[in-house]
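Have a look at the structure below, then the notes.
The values are calculated or read from the model by the stated rules, or taken from the named source; none is laboratory data. Everything numeric in this text was worked out from a predicted model, so none of it was measured. Virtual Cβ from ideal backbone geometry, glycine too; neighbours counted across all protein chains shown. Remember, those area values only see protein heavy atoms, side chains included, never the ligands or the DNA or RNA. Shrake-Rupley method; radii C 1.70, N 1.55, O 1.52, S 1.80 Å.
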2 protein chains.
Amino acid sequence: MYKSKRISDSTIHRLSLYYRSLAALEKSGHQTVCSKELGKREKLTPAQVRKDLSFFGSFGTRGLGYPVRELKDKIAEILGINRTWNVAIVGVGNIGSALIGYKEFQKQGFHIRLAFDNDQRKIGSLHKGILISDVKELKPLLRKNGIQMVIVAVPAGSAQAVVDEVVEAGVKAILSFAPTNLKVPEEVFLRTENMAIELEHLSFHLAKPYYRRPARP
Amino acid sequence: MYKSKRISDSTIHRLSLYYRSLAALEKSGHQTVCSKELGKREKLTPAQVRKDLSFFGSFGTRGLGYPVRELKDKIAEILGINRTWNVAIVGVGNIGSALIGYKEFQKQGFHIRLAFDNDQRKIGSLHKGILISDVKELKPLLRKNGIQMVIVAVPAGSAQAVVDEVVEAGVKAILSFAPTNLKVPEEVFLRTENMAIELEHLSFHLAKPYYRRPARP
DNA sequence: GTGCAATTGTGAAACAGTTCACAAACTGAG
DNA sequence: CTCAGTTTGTGAACTGTTTCACAATTGCAC
């Protein structure tokens, strides 16, 4: 039975993985899938799959498994991707520019509606079909366009100032690519992504001598 | 005392955070820092900081704290970023292209030496100072240039084929941005990054009604 | 129908990660 | 040299997550 409880980040992350596997399964014509198969595809134990899903309800049929189409829709609902979201990007440098053109976002219903920069040479120009606005216009434009999520891709030094504006505009979800710590009020959800840290993770594993790889299941 | 043990991903991730805080502290002229201060800067408990560091040795002085410069260097050594790494990027689309120009990599000693694509219009051209090679040349060129890490930024459909080549070339660390599951042999370290999943995480938090935000410390 | 095989949903157990709490070790003042 | 004040390093306790194991259900064959 469904219980309201704190759902862990790892569970949410895995829901996204299940969603992708289910989408693939649906495409290849599967009607149902069991936790064993879904687990195999995502390198997880069947128990993990069942436990994750059980936090949100009971969607399977004993002896048979889960209905692919239905479960996929249910997860979309849980993740809030059964709808579209209005997203803005601040900072049209390397990363920001890449994200504007990133097809996967469109596909999942994340629509990039606005892009901002502080470089006069970029402001007013079209970038992959998006007009780049002056970051000075950030707050009013976010409000006016009903933006719900903002991706911050500016240098570390200017990130906090941008985030403050974004918060003031009433946006409650921010994804930052700035390699710095950011302060946001309690009610705003912030995630920070750092590509360099990902490479450092690789480097740690190559560097040894600390760490031993655990046995695979 | 230093104990060889499986180090958790979270600890490794936090080491990267400490490294950044320490670099900032060094720049601002601090000689020493205590776990309380370091924890405050990264929104972690002092105990967490001390525990993380204790996995690798004992670097502090009781009553005083940690020597900033020394600890920073030590963490660099642990993470393997006290040296340079030769990195190649496969796929010069939105993401790949952004990463080629990403300054933070250079700064941390990750040098992008090669870039590959399968688009004849891109092959042979310079992209932000890097010559784009034909992906058909992948294996020999990785070998010849002593590439130690590869970033895979190709569409989901071609990712496994690329990864197989990369593995055959003897590369032991791969960072993938392809939204798909990849198989690699036991001895190869693979991390998969997926921007869309990050946005789905935001979306989950906005969507409710599942989840209740936990109290902040 | 009945029975067999399959698979879920879920408490309980095991494991992993975090925080506590305190002895040990150091600094600096007097 | 001693003492008060700090802060580390680390077992132990705690908290959270994953895995186990099994009753409860269902599908399907006959």
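Residues checked against (1) at pLDDT 95 or above; (2) open to solvent by 10 Å² or more (accessible area, probe 1.4 Å); (3) within 22 Å of A:Gly146 (Cα to Cα); (4) away from every other protein chain (no Cβ under 14 Å):
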residue: A:Lys72; (1), (2), (3), (4): yes, yes, no, no
residue: A:Leu79; (1), (2), (3), (4): yes, no, yes, no
residue: A:Val90; (1), (2), (3), (4): yes, no, yes, yes
residue: A:Ile100; (1), (2), (3), (4): yes, yes, yes, no
residue: A:Arg113; (1), (2), (3), (4): yes, yes, yes, no
residue: A:Phe116; (1), (2), (3), (4): yes, no, yes, yes
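On the stretch given as segment A:9-47, residues that are of a type in the set (S, T, N, Q) and closer than 22 Å to B:His205 by Cβ total 3. Going through (1) more than 20 Å from A:Glu186 (Cα to Cα); (2) more than 14 Å from chain B (Cβ to nearest Cβ) one by one, A:Ala161 falls short only on (1).
Looking across B:Phe177, B:Phe189, one residue alone is of a type in the set (Phe, Trp, Tyr), touching a residue at least 40 places away in the same chain (Cβ under 8 Å) and open to solvent by 10 Å² or more (accessible area, probe 1.4 Å). It is B:Phe177. Being basic (Lys, Arg), in a loop (DSSP other than H, G, I, E, B) and surrounded by fewer than 19 Cβ atoms within 10 Å (Cβ to Cβ) is true of B:Lys5.
One residue alone among B:Leu141, B:Leu190 is over 25 Å from A:Ala24 (Cβ atoms) and among the hydrophobic types (A, V, I, L, M, F, W, C), and that residue is B:Leu141.
For the condition more than 12 Å from DNA strand D (Cβ to nearest atom) and open to solvent by 40 Å² or more (accessible area, probe 1.4 Å), B:Asn86 does not qualify. In segment A:43-65, the residues that are under 30 Å from B:Glu186 (Cβ atoms) form Cβ pairs under 7 Å with partners that are open to solvent by less than 40 Å² (accessible area, probe 1.4 Å) and within 7 Å of DNA strand D (Cβ to nearest atom), at six or more places apart or across chains, as follows: A:Asp52/A:Thr11. Tell me which of these B:Ser133 doesn't satisfy, since it passes every other one: (1) out of contact with any Lys or Arg (no Cβ under 7 Å at 6 or more places or on another chain); (2) in a strand (DSSP E or B); (3) in contact (Cβ under 8 Å) with a residue 24 or more places away in the chain. Checking B:Ser133 against (1) out of contact with any Lys or Arg (no Cβ under 7 Å at 6 or more places or on another chain); (2) in a strand (DSSP E or B); (3) in contact (Cβ under 8 Å) with a residue 24 or more places away in the chain, the one that fails is (3).
If you check A:Gln120 against the conditions, is it surrounded by fewer than 20 Cβ atoms within 10 Å (Cβ to Cβ), modelled with pLDDT of 95 or more, over 26 Å from B:Lys40 (Cα atoms) and assigned by TED's automatic domain parsing to the domain that holds A:Ser97? Taking the combined requirement at face value, the residue satisfies it. Tallying residues that are more than 9 Å from every other protein chain (Cβ to nearest Cβ) and among the acidic types (Asp, Glu) within segment B:168-209 yields 1.
The residue that is most open to solvent (accessible area, probe 1.4 Å), counting only those in segment A:24-47 that are within 14 Å of DNA strand D (Cβ to nearest atom), assigned to a helix (DSSP H, G or I) and within 20 Å of B:Ala156 (Cα to Cα), is A:Lys40.
Condition (residue is within 7 Å of DNA strand C (Cβ to nearest atom), assigned to a strand (DSSP E or B) and more than 20 Å from A:Pro155 (Cα to Cα)) applied to segment A:69-87: is it met by at least one residue? No, segment A:69-87 has no match at all. Across segment A:23-64, the number of residues qualifying as under 25 Å from A:Phe105 (Cα atoms) and in contact with a strand residue (DSSP E or B) (Cβ under 7 Å, 6 or more places away or on another chain) comes to 1. Filtering segment A:20-36 to residues that are within 16 Å of DNA strand C (Cβ to nearest atom) and either of a type in the set (A, V, I, L, M) or within 14 Å of another protein chain (Cβ to nearest Cβ) (or both) leaves A:Ser21, A:Leu22, A:Leu25, A:Val33. Taken over segment B:48-65, the criterion of being in a loop (DSSP other than H, G, I, E, B) and near DNA strand C (Cβ under 10 Å from one of its atoms) is satisfied by B:Phe55, B:Ser58, B:Gly60, B:Arg62, B:Gly63, B:Leu64.
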